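Notes to accompany the following structure.
Here, each number is a calculation from the coordinates, and none is a lab measurement. Note that the structure is a prediction, hence the values are computed from the model and not measured.
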Amino acid sequence: MVCLTIFSFGVFLYTVYGTTFSTFQDVASTWLNVVLWSMGYIKDWKAYYEFQPALWTFSIFVALCIIQLTLNILPAVIMLSHKKEADLVENYSYHTFWASERSKNVGQKSLNPALVGWDFTNPKEPKEVFDK
């Protein structure tokens, strides 16, 4: 979602400012400037404002509000994901299946619920392993 937002913003800036400003004349410089804009660094912002004030206001709103709001929520989502995984590891013993699987294996890191029931020695062709 973040990549799509930044890509869309780059296409917008390329089409609007590409014919007038050298910072948006090719794809590479447009990409670098979109990254800079999304972080809040805008070189020679007065020239963009003098070109079209309404368009500049809209561009700044998108760059500093929408993209920043999207980027600021990512750490919270990642931490929530890690918390859910930690809860699953902590509370596996309350489910009989995972408790029995854990007791069969030796070692702290031997149980990987994602690999139970499948043999991934050949990643291109995983095979289902049935209980012995």
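Data overview
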| quantity | calculated |
| --- | --- |
| Net length gained if the chain between ILE66 and LEU88 were fully extended (0.36 nm per residue, minus Cα distance) | 4.6 nm |
| Helix-only mean residue ellipticity at 222 nm for the chain, each DSSP H run of n ≥ 4 adding -39500 (n - 2.57), per residue, nearest 500 | -18000 deg cm²/dmol |
| Residue-span extension gain [ASP26 to LEU55] - 0.36 nm each, minus C-alpha spacing | 8.4 nm |
| Choice from SER100, SER59, SER81 showing the highest fluctuation, given a GNM over the chain with Cα pairs closer than 10 Å | SER100 |
